[in-house]
Each structure stands twice: as C-alpha cells, then as structure tokens.
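Below: one structure, written as structure tokens.
The values are calculated or read from the model by the stated rules, or taken from the named source; none is laboratory data. The model shown is predicted, which means the values in this text are computed figures rather than measured ones. Here the Cβ positions follow ideal geometry from the backbone for every residue, glycine too, while neighbour counts run over all protein chains shown. For the accessible areas, the whole protein counts, side chains as well, though only heavy atoms, and no ligand, DNA or RNA atoms are used. Shrake-Rupley method; radii C 1.70, N 1.55, O 1.52, S 1.80 Å.
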Amino acid sequence: MFLDLDKKNRNKVAVIDDSGSSITYGDICDFSKDFAKHLPPRSLIFILSENKIGSLLGYTAALSNRTVPLIISAKTEEGLYTNFLDIYRPEYLWIPNELVAKLGYEAIFSAWDYSLVKTGYPKVPLYDELSLLLPTSGSTGSPKLVRHSYRNIEANAENVKKLFNLTEDEKAMAILPMHYTMGLSVVASHLLTGATLLLSGRSLLDKGFWTMLKEATSFTGVPYSYDILTKMRFTRMDLPNLKIVTQGGGKLTTEMWQTLAQYAHDKGKKFIATYGQSECTARMAYLPAEMAMTKICSIGIAEPGGQLSIVDNEGIETFEGEAMGEMVYRGENVTLGYATCQEDLQKGDENHGVMHTGDLAHRDDDGCYFIVGRMKRFLKIFGLRIGLDEVENLIKSEFKIDCYCKGNDEKLIVLVTDSSIIDKLPTFIEEKTHLFHQKIEVQLVEAILRNEAGKVINQ
C-alpha cells in the first residue's frame, strides 16, 4: 500500500479532523479496499479537496490503488474547474456530497461526506509511474500541472521524516491545504512515520483551531500564517506539547524570522525553516534549528537525500564555497516534469532528478544558502537590476505592512494597502536601491489578494 500504510499499527489513530472524527491506520487500509471496488487502477480522478477526512481518504486510496488524482481545491472558481475538466477529461471525481447534484452527477459510492462520481469521459492513457498531479504554485487559471511519480512522494516523505526525526508519537497540525504541495508533504511524511495528523481547515481566528493546536507537537505554516499568528500573540501562549515550529512556502521577513527564532529559543522549542517547490514534491532544504539565531533568513542546506549547487553567470557549477547564481537541486523527489494537456500525461521522466530552481541564491562560506530572489522576479531599469522580492522584504521590514511589487523595464510599481506611506516609499526605495524615485510608482489597493497558501494572485 501507499507509504506502507498496511504495515502500521491498525489501531493507531492516523487522522483527526475539525469535526472531532478520527480514523485509524486500519480504517485507511479498509477504505482503500472498498474504494478499489468502484474504479479500475490507472484511472484519472479529480479530487476536489478540503482538509477533511473524506478528502484525505480519497487521496490515500487513489495512490494505494494506482489511480492517478489531480488535486484541486473544492472552492476552485467554476471557470477554472471547467477549464481543468475540459482539458484533462478525468473518468472520475471524488467530491464533497453537496457538489454532486450541483455538478449534475449521480454518486456511485459515498463515505465520509464525499462521493465518487463517473463523468462519462473515456479512459485516459497514463505514464505507468505517474502517481499525482498538482497545479503549479500560485496557478490562477493556467492548466499547467506538475507530474509526480510514486518514488517522488516516497522520497520526499522519507527525507522529511529524517529531517525532523519524526516518530509515531508526533501529532502534526496540518492546516495547509491538501491541494498545496507543502500540505501534502506534511500528510505524506507523517503517514509514512505512523504518526497522527490533526487535519484542520479552520481559520486561524477560529477558537477550534487553537483548541486543536494545544494538542499538536508540530506546526507547519507559511509566512502569511505567521503574520496572523503573531498578531494574535502566538508567541506568548502556553503550548507545552508543541516541539517544532516550521515554515515553508516563501521567505519570512527578517523581523518575523527573528521573532520565531527567539520564541523557540526562549520556550525550549525548535524553529526549523524549510524551502521547497512543487516541482520537487515540496521540501528541498532546511536550516538546522541550532542555526536559527545566527543564519537569519537562510534556507540552510539540502534536506537528507538531496544535493544543492549553484550555477553562476558564467555557467560554472559549484557545490561548496561562497558563490552566487541559480540554485540547482538534485534528488529522488524531483518530479517528472509538467503537463499542459491530456497528452502530456503519457510523458515519462523529463527532469531525471535535476531541477534548475529559477531561484537566485547566495551560498556562504559555511555552505548555507540564502535566496536572493526569483530569476524572473527582476526588473532592469536604466541598467540597474532591481529584485522585486528584495524590495518587498525591505518595505515589509521597515513599515510593517503587506505589499506587492511588479512592473517592467520602464517602471517599478508597488502596491500597498496603507495610504499613509505612499509619499514615503519612493524616497525610501531610492535610498535602498539607488533607483531614481521618478521611476517608482506607488498604488493604493484595498487588499493584496492571496490564495489559501498565501501566494499573491491577480495583482
């Protein structure tokens, strides 16, 4: 079975969700057998996911039976869902019960508030080792998917288990959406370990979230999560069971990093920052907890089972010593490649374990990596190279506000939600980057729109 779920203690609680319901590892195995009776292996299935037991059971059963799921949010906008459906034409859907009639189907199997429906589309030819499809990070309408193999998911789960020294006694707070690669990484690594998942789709402002968090031994969040948690005085709370606080899904501000590192230091916990991409089944690097106070905002070193390097502007690749350039990752968790149409689902491994990340990184003399920005998140104005991620972090650290930078090679555009700093920003940015202030345009917006993973959308 997927991640050797059938070898775990059948009576051990595997998942508890917001409803208070729980399932054991034995329940997961039994469900997978029931699920297999209703659809053949190597079928393509869409899972409209929620952070609930029913959604998770569909995921584990699909992979255990070699059925290939595309996981998207149950809240996916109708036009985007229809676009995915038209392009990939799955034979089956695993969807919340309330969507069955709405989408015009009849259920052929139901359990845990989810239903399996048959779409009527013909069988889709699939590459034999294709295991999972996920939309590319931040996708707002593109049909581009990341193609995972079975070994990709296993390797990532094994690496993360080693990275965090996971045991069966863990109770992991799993709040990141299941259709988000980091969310699935939390799920897979803890199921491989035989631990317990506290699966929650609640808002961080919900009282029930805090009740569940008090039982957790670890918490994984993205920068957006920690922005909210710190405003709620998370670092002052008594959470005696919490041993590990970990972060991924984007770069923290220097101030937020220092807050979390100091919190972990003062409370006897571990703050472990991680870095990853959907194209590498989430995790790729981590900063050991003992370095959190000294290597501020570093992604650290390659995770167990992986290797990092830098390719400089001259095309020279190095694996040690101080260097600057594009970061490259090697490991068994590097995915097969992309899909943009149904025919691409027959493709084999196009990456062969090597991923050119597109991230510009600095490696220091100690071998620790620091992300400077995205290779494509740069403008060149009057010959001056402007890193958009760097400018955003400067603004966030100085003014304690959310912002988003974009533009072209004629002008830098900064979106902010606070009118009181509009006049201050051009001078501030000019001082920090030496970009002439007349080439900086600041725009006031009601909100910086983000998806469930905290990624900026539609800006």
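The residues in the range 268-288 that are in contact (Cβ under 8 Å) with a residue 12 or more places away in the chain and either out of contact with any helix residue (DSSP H, G or I) (no Cβ under 7 Å at 6 or more places or on another chain) or in a loop (DSSP other than H, G, I, E, B) (or both) can be counted, and the count is 12. Out of LEU379, LEU345, LEU394, one residue alone is of a type outside the set (Gly, Ala, Ser), free of Cβ contacts under 8 Å to residues at least 60 places away in the same chain and either over 30 Å from MET291 (Cα atoms) or open to solvent by less than 40 Å² (accessible area, probe 1.4 Å) (or both). It is LEU379. Filtered by the rule that a residue be modelled with pLDDT of 90 or more, within 21 Å of ASN313 (Cβ to Cβ) and surrounded by 13 or more Cβ atoms within 10 Å (Cβ to Cβ), the range 348-358 gives MET355, HIS356, THR357.
Only residues that are without any contact (Cβ under 8 Å) to a residue 40 or more places away in the chain and open to solvent by less than 20 Å² (accessible area, probe 1.4 Å) were counted in the range 309-342, giving 3. Restricting LYS432, LYS455 to those that are over 28 Å from the mean Cα position of the chain (by Cα), among the charged types (D, E, K, R) and under 20 Å from GLU255 (Cα atoms) reduces the list to LYS432. Among the strands (runs of 3 or more DSSP E) confined to the range 341-459, the ones with at least 2 residues that are in contact with a Pro (Cβ under 7 Å, 6 or more places away or on another chain) are located at 440-444. Of all the residues in the range 21-41, those that are of a type outside the set (Val, Ile, Thr) and either crowded, with 17+ Cβ neighbours inside 10 Å or in a strand (DSSP E or B) (or both) number 8. Please verify whether the range 249-263 includes one or more residues that are open to solvent by less than 10 Å² (accessible area, probe 1.4 Å), in contact with a Pro (Cβ under 7 Å, 6 or more places away or on another chain) and not acidic (Asp, Glu). Yes, because at least one residue in the range 249-263 is open to solvent by less than 10 Å² (accessible area, probe 1.4 Å), in contact with a Pro (Cβ under 7 Å, 6 or more places away or on another chain) and not acidic (Asp, Glu). Would you confirm, using the coordinates I've provided, whether ASP18 is without any contact (Cβ under 8 Å) to a residue 40 or more places away in the chain and not hydroxyl-bearing (Ser, Thr, Tyr)? In short, no. A count restricted to the range 177-198 and to residues that are at pLDDT below 95 and either over 13 Å from LEU134 (Cβ atoms) or of a type in the set (Ser, Thr, Tyr) (or both) stands at 2.
Please verify whether LEU48 is surrounded by fewer than 23 Cβ atoms within 10 Å (Cβ to Cβ), without any contact (Cβ under 8 Å) to a residue 60 or more places away in the chain, in a strand (DSSP E or B) and not basic (Lys, Arg), treating the condition exactly as stated. Here the answer is yes, as LEU48 does meet what is asked. Within the range 264-298, the set of residues being open to solvent by less than 10 Å² (accessible area, probe 1.4 Å) and among the aromatic types (Phe, Trp, Tyr) comprises PHE271 only.
Here the condition is being in contact with an Asp or Glu (Cβ under 7 Å, 6 or more places away or on another chain), at pLDDT 95 or above, within 23 Å of SER278 (Cα to Cα) and not aliphatic (A, V, I, L, M); of SER49, SER43, it holds for SER43 alone.
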